[in-house]
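Trainee: Supplied in structure tokens, the structure appears directly below.
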Protein chains: 2
Amino acid sequence: MTIRHLKIFLAVAEYKTMSAAAEKLYISQPTVSQAIRELEEHYHGLLFERLGKKLYLTEMGKILLTRSRDLVQEFQRLDDSMVEQGKKMMLRLGSTLTVGTCLTPEIILHLEEKFPGIEVRSYVSNTQEIEEKLLKSELDAAVVEGEVQSPDLVVLPIVEDMLVLVCGQEHAFYTEKMLLKEALYYQKFAMREPGSGTRQLFEEYRKVHQIPIEISWEANCPRTLINAVLYNKALSVMSFRLLKHEIRHDKIRIFLEQNKEWNRKFKLVYHRNKYLTPVIRELEMYLHQCKKMELSVKYGWIR
Amino acid sequence: MTIRHLKIFLAVAEYKTMSAAAEKLYISQPTVSQAIRELEEHYHGLLFERLGKKLYLTEMGKILLTRSRDLVQEFQRLDDSMVEQGKKMMLRLGSTLTVGTCLTPEIILHLEEKFPGIEVRSYVSNTQEIEEKLLKSELDAAVVEGEVQSPDLVVLPIVEDMLVLVCGQEHAFYTEKMLLKEALYYQKFAMREPGSGTRQLFEEYRKVHQIPIEISWEANCPRTLINAVLYNKALSVMSFRLLKHEIRHDKIRIFLEQNKEWNRKFKLVYHRNKYLTPVIRELEMYLHQCKKMELSVKYGWIR
DNA sequence: CTTGGTTACGTTACCCGTAAAAATT
DNA sequence: AATTTTTACGGGTAACGTAACCAAG
């Protein structure tokens, strides 16, 4: 027995004659007749009494009528809503903290504009957790700044990024145009926690150039670090992309590392077996378009 | 889209692989694969992500899972309960030969009138086979004239019946009003086969009263016996109920046994665990109504 | 004579299985 | 190499329409 039989039965019950039901259903009358007969044979009982040319529901028919109404309706609603659902695009997007702060918001805005009705879910965490979720297919794609380990993930280093040194108005560096590495010695820094991509890159730089500093702030929130710079005369090193959004009218000054040692890339990551939906392809296109980004504020250099 | 698709989908979601689902559903694996694909095409969206050989439910799949579970279950319950309902409108009725000949036809007519659309299946055989089929639940109920052995069967002796002696126009008894037992000595009888209830009762009577006779006809068909009486001057002993239908305008005469030694009862029989459907209850009611039956022809007595 | 249901029959489409290929572990 | 999904193809049957028939107003 199928939903089809019930639909036909309901139509017959509603329109009182098989001919009318057939017309409403856009099928032939004998087909309706046969469907009803199949139901009756399957249930071993008549659903309609045929007296003359009128049909009367039997007791069995009445029972079936009330119960199948809800069932068929519910089936139809499920079907409709799933078709609706299919039309909706969805993206479960992962990002690491820096990316999630400075890039993900505009990514989502762009996708929402490109695909009206899309549902984007954003998950921000460290690279390792992002990786795991990609492998478990709990995320469709992610944009990260750290290094990805799993060979089952496709990594596309698309977006250029760069760390900058940042200081506040009250800091001695504020008026400088050029700093030597030695100027950083024993300065107070506000830095991301160990394990973050930003911190790792900076630590590598310090190690290579043997630069002793003092980490007086540690936080995983960029805004916290910027506040430390603004109000506590700390220095910090972070992505210039973070500053575009965070500084607004705040009085800060930034310095670029002259040898591009602070350059890095944000990577688009997804499972190598991932079916690339239009949404994901659009995401990649958009990231290419974000590749370069000009610095809209004045800056100095570190040499 | 059909319930079938949802059932397959549910199995795959439950067993995590299409192969396992196919096995559980007793269908081939490609069939499962195809059904899932049809669903996905119909909804314009993936239900499972295929990463390697593992399947992961997509968001769409999760939605479909929760909603289709209830739906399919409800569908199944409706179907089952309707089939149940159908059984209640069906009666598999057994009867022994005498009953099947004279009583069952009117029983069926009555039930069909009372329950339009009912399906009555009639099975006529000897008491022993009827018993076996009742015990195997191949019959819902039966009406028999013989003795029932099994303690698992409920026996309700409802309908009064009586054997009568019957002779034809050319027989010497035809003009008699009263016969003595001795008159039966060495008469030619047409009788039912040994083992029939009628024959057993008559043999018991003969044994008690030491009546020697000659069995010159033996048949299991009442009409055959009556013909022997009509055309071959045989005597016979059978239920008076048989004669009501069989004699019509035939010239016969019947004699009742004065001491009611030929009285017996038809019994309604069913399994003691049988659920008494409306149909069976109506059957019992109807039999009560058949309890007594007046003899519409003239008759004599045996003393 | 019209309307509505059933029966009969042929066509189409779908369901499903087997076999083979592709992909992943 | 083994397991699982996908693809390809063919046979059987279920769905459906047409036509003819039947029954009731």
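Trainee: Between A:Arg77, A:Arg4, A:Arg69, which is within 13 Å of DNA strand C (Cβ to nearest atom) and either within 27 Å of B:Val120 (Cα to Cα) or within 50 Å of the chain's Cα centre (by Cα) (or both)?
Mentor: A:Arg4
Trainee: Something else: From the list B:Met18, B:Met89, B:Met60, B:Met1, pick out the single residue that is within 8 Å of chain A (Cβ to nearest Cβ), touching a strand residue (DSSP E or B) at 6+ places or on another chain (Cβ under 9 Å) and in contact (Cβ under 8 Å) with a residue 24 or more places away in the chain.
Mentor: Selected residue: B:Met89, the only one of B:Met18, B:Met89, B:Met60, B:Met1 that is within 8 Å of chain A (Cβ to nearest Cβ), touching a strand residue (DSSP E or B) at 6+ places or on another chain (Cβ under 9 Å) and in contact (Cβ under 8 Å) with a residue 24 or more places away in the chain.
Trainee: Between A:Tyr186, A:Tyr174, which is open to solvent by 10 Å² or more (accessible area, probe 1.4 Å), modelled with pLDDT of 90 or more and in a loop (DSSP other than H, G, I, E, B)? So that I can check it myself, show each step before the final result.
Mentor: Numbers: A:Tyr174 fails: in a loop (DSSP other than H, G, I, E, B).
Going through A:Tyr186, A:Tyr174 in turn, the sole match is A:Tyr186.
Trainee: Restricting to the stretch A:244-273, name every residue that is within 22 Å of A:Val155 (Cβ to Cβ), among the basic types (Lys, Arg) and crowded, with 18+ Cβ neighbours inside 10 Å.
Mentor: Of everything in the stretch A:244-273, those that are within 22 Å of A:Val155 (Cβ to Cβ), among the basic types (Lys, Arg) and crowded, with 18+ Cβ neighbours inside 10 Å turn out to be A:Arg264, A:Lys267.
Trainee: Check the stretch A:193-202 and report whether any residue there is in contact with a Pro (Cβ under 7 Å, 6 or more places away or on another chain), crowded, with 21+ Cβ neighbours inside 10 Å and modelled with pLDDT of 90 or more.
Mentor: The answer is no, given that none of the residues of the stretch A:193-202 is in contact with a Pro (Cβ under 7 Å, 6 or more places away or on another chain), crowded, with 21+ Cβ neighbours inside 10 Å and modelled with pLDDT of 90 or more.
Trainee: Evaluate the following for B:Ser95: is it touching a Leu at 6+ places or on another chain (Cβ under 8 Å), over 30 Å from A:Leu134 (Cβ atoms), small (Gly, Ala, Ser) and more than 14 Å from DNA strand C (Cβ to nearest atom)?
Mentor: yes
Trainee: With respect to A:Ala21, is the statement that it is within 11 Å of DNA strand C (Cβ to nearest atom), closer than 22 Å to B:Glu74 by Cβ and open to solvent by less than 80 Å² (accessible area, probe 1.4 Å) true?
Mentor: Considered against the rule, which asks whether it is within 11 Å of DNA strand C (Cβ to nearest atom), closer than 22 Å to B:Glu74 by Cβ and open to solvent by less than 80 Å² (accessible area, probe 1.4 Å), A:Ala21 comes out as no.
Trainee: Need a quick list: helices (runs of 4 or more DSSP H) entirely within the stretch A:32-141 having at least 2 residues that are touching a helix residue (DSSP H, G or I) at 6+ places or on another chain (Cβ under 7 Å). Spell out how you get there, then give the answer.
Mentor: Details: elements: A:59-87, A:97-102, A:104-114, A:127-135.
Fully inside the stretch A:32-141 and qualifying: A:59-87, A:97-102, A:104-114.
Trainee: Next up: Starting from the stretch B:219-248, take each residue that is farther than 21 Å from B:Gln200 by Cβ and list its partners that are assigned to a loop (DSSP other than H, G, I, E, B), counting only C-beta distances under 8 angstrom and pairs at least six apart or across chains.
Mentor: Final answer for the pair search is B:Leu230/B:Gln169; B:Leu230/B:Asp250; B:Leu230/B:Lys251; B:Lys233/B:Glu170; B:Lys233/B:His171; B:Lys244/B:Met293; B:Lys244/B:Ser296; B:Ile247/B:Val297.
Trainee: Another question, if that's okay. How many of the residues in the stretch B:87-101 are touching a Pro at 6+ places or on another chain (Cβ under 8 Å) and open to solvent by 10 Å² or more (accessible area, probe 1.4 Å)?
Mentor: Count: 3.
Trainee: Exactly one condition in (1) within 15 Å of DNA strand D (Cβ to nearest atom); (2) assigned by TED's automatic domain parsing to the domain that holds B:Gly197 is false for B:His110; which is it?
Mentor: Failed condition: (1).
Trainee: Please specify each residue of the stretch B:142-153 satisfying the condition of being surrounded by 17 or more Cβ atoms within 10 Å (Cβ to Cβ) and either not small (Gly, Ala, Ser) or not in a strand (DSSP E or B) (or both).
Mentor: B:Val143, B:Val144, B:Glu145, B:Gly146, B:Val148, B:Leu153
Trainee: If A:Gly86 satisfies every condition in (1) more than 16 Å from DNA strand C (Cβ to nearest atom); (2) touching a Phe, Trp or Tyr at 6+ places or on another chain (Cβ under 6 Å); (3) over 30 Å from B:Leu39 (Cα atoms) but one, which is the exception?
Mentor: (3)
Trainee: Out of curiosity, is B:Val32 open to solvent by less than 20 Å² (accessible area, probe 1.4 Å), away from every other protein chain (no Cβ under 14 Å) and over 28 Å from A:Leu39 (Cβ atoms)?
Mentor: no
Trainee: Scan the stretch A:35-51 for residues that are more than 7 Å from chain B (Cβ to nearest Cβ), open to solvent by less than 80 Å² (accessible area, probe 1.4 Å) and without any contact (Cβ under 8 Å) to a residue 40 or more places away in the chain and jot them down. Spell out how you get there, then give the answer.
Mentor: Start the filter on the stretch A:35-51 by keeping residues that are more than 7 Å from chain B (Cβ to nearest Cβ), which leaves A:35-42, A:47-48, A:50-51.
Among the residues that remain, those that are also open to solvent by less than 80 Å² (accessible area, probe 1.4 Å) are: A:35-36, A:38-40, A:42, A:47-48.
A:Ala35, A:Ile36, A:Glu38, A:Leu39, A:Glu40, A:Leu47, A:Phe48 - these are the residues of the stretch A:35-51 that are more than 7 Å from chain B (Cβ to nearest Cβ), open to solvent by less than 80 Å² (accessible area, probe 1.4 Å) and without any contact (Cβ under 8 Å) to a residue 40 or more places away in the chain.
Trainee: Among the residues of the stretch B:179-200, what is the count of those that are under 27 Å from the mean Cα position of the chain (by Cα) and over 18 Å from B:Leu243 (Cα atoms)?
Mentor: Result for the stretch B:179-200: 4.
Trainee: Which of the residues belonging to the stretch B:63-73 are surrounded by fewer than 16 Cβ atoms within 10 Å (Cβ to Cβ) and within 9 Å of chain A (Cβ to nearest Cβ)?
Mentor: If the condition is that a residue be surrounded by fewer than 16 Cβ atoms within 10 Å (Cβ to Cβ) and within 9 Å of chain A (Cβ to nearest Cβ), then B:Asp70 is the only one that fits.
Trainee: Of these, A:Tyr43, A:Tyr56, which one is touching an Asp or Glu at 6+ places or on another chain (Cβ under 6 Å) and either within 16 Å of DNA strand D (Cβ to nearest atom) or small (Gly, Ala, Ser) (or both)?
Mentor: Checking each option against the conditions leaves just A:Tyr56.
Trainee: I've got another one for you. Just one of (1) touching a Leu at 6+ places or on another chain (Cβ under 9 Å); (2) within 10 Å of chain A (Cβ to nearest Cβ) trips up B:Ile108, so point out which.
Mentor: Tallying (1) touching a Leu at 6+ places or on another chain (Cβ under 9 Å); (2) within 10 Å of chain A (Cβ to nearest Cβ), B:Ile108 fails exactly one: (2).
Trainee: All but one of (1) surrounded by 17 or more Cβ atoms within 10 Å (Cβ to Cβ); (2) within 12 Å of DNA strand C (Cβ to nearest atom) hold for B:Ile27; state the number of the condition that does not hold.
Mentor: Only one criterion in (1) surrounded by 17 or more Cβ atoms within 10 Å (Cβ to Cβ); (2) within 12 Å of DNA strand C (Cβ to nearest atom) is unmet by B:Ile27, namely (1).
Trainee: Take B:Glu84 and decide whether it is more than 7 Å from chain A (Cβ to nearest Cβ) and open to solvent by 40 Å² or more (accessible area, probe 1.4 Å).
Mentor: yes
The values are calculated or read from the model by the stated rules, or taken from the named source; none is laboratory data. Predicted model only: the values in this text are computed from it and were never measured. As a convention, Cβ positions derive from the backbone with ideal geometry for all residues, glycine included, and neighbour counts pool all protein chains shown. Accessible surface areas use protein heavy atoms only, side chains included; no ligands, DNA or RNA. Shrake-Rupley method; radii C 1.70, N 1.55, O 1.52, S 1.80 Å.
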